[in-house]
Amino acid sequence: MAKTIKTIDHNLIRAFANARNGLPAIVDQVEDGYNSQPLRIHFDEIDNDDDFDLNPVSWEVFFVEMQNRELALAYEEDGDDPYYYEFVPANA
């Protein structure tokens, strides 16, 4: 069974992304026109067919946005999908 990791640690988040060739991004606008600017880690290997525009950002901007939105990154260690992650409330 995979272990879920929930973290706000910048080094762990970067390591998760770097191990999968992921880069920090913010969604400009989704297909239906709703513009909430959610955070994303963009993986070239799997995200090529997305229906929204990604705005690459620096890790510094990404982490400021995570902190402002009070988010943590949750991912499964040794899970079935190595690219799976989600943003969850940091204080929950």
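Could you give the length gained on full extension between N55 and D81, defined as 0.36 nm per residue of separation minus the Cα-Cα distance, in nm?
Numbers: separation 26, 0.36 × 26 = 9.36 nm, distance 2.43 nm.
The N55-D81 span can extend by a further 6.9 nm.
In a shell of Cβ-Cβ distance under 11 Å around E76, excluding E76 itself, what net charge do Lys and Arg (+1) and Asp and Glu (-1) give? Let's see the in-between values first.
Numbers: positive: K3, K6; negative: E77, D78, D80, D81, E86.
Summing Lys/Arg as +1 and Asp/Glu as -1 gives -3.
What are the ³J(HN,Hα) values, in whole Hz, obtained from phi via the Karplus relation 6.51 cos²θ - 1.76 cosθ + 1.60 with θ = phi - 60°, for each residue of segment 64-77 in sequence order, with x given for Gly and Pro?
Once rounded to whole Hz, the list reads 4, 5, 4, 5, 4, 8, 6, 10, 10, 9, 10, 8, 9, 7.
No lab work stands behind these numbers, since they all come straight from the coordinates. Just so it is clear, the model here is predicted, and its values are computed rather than measured. All Cβ positions, even for glycine, are placed from backbone atoms using ideal geometry, and neighbour counts span all protein chains on display.
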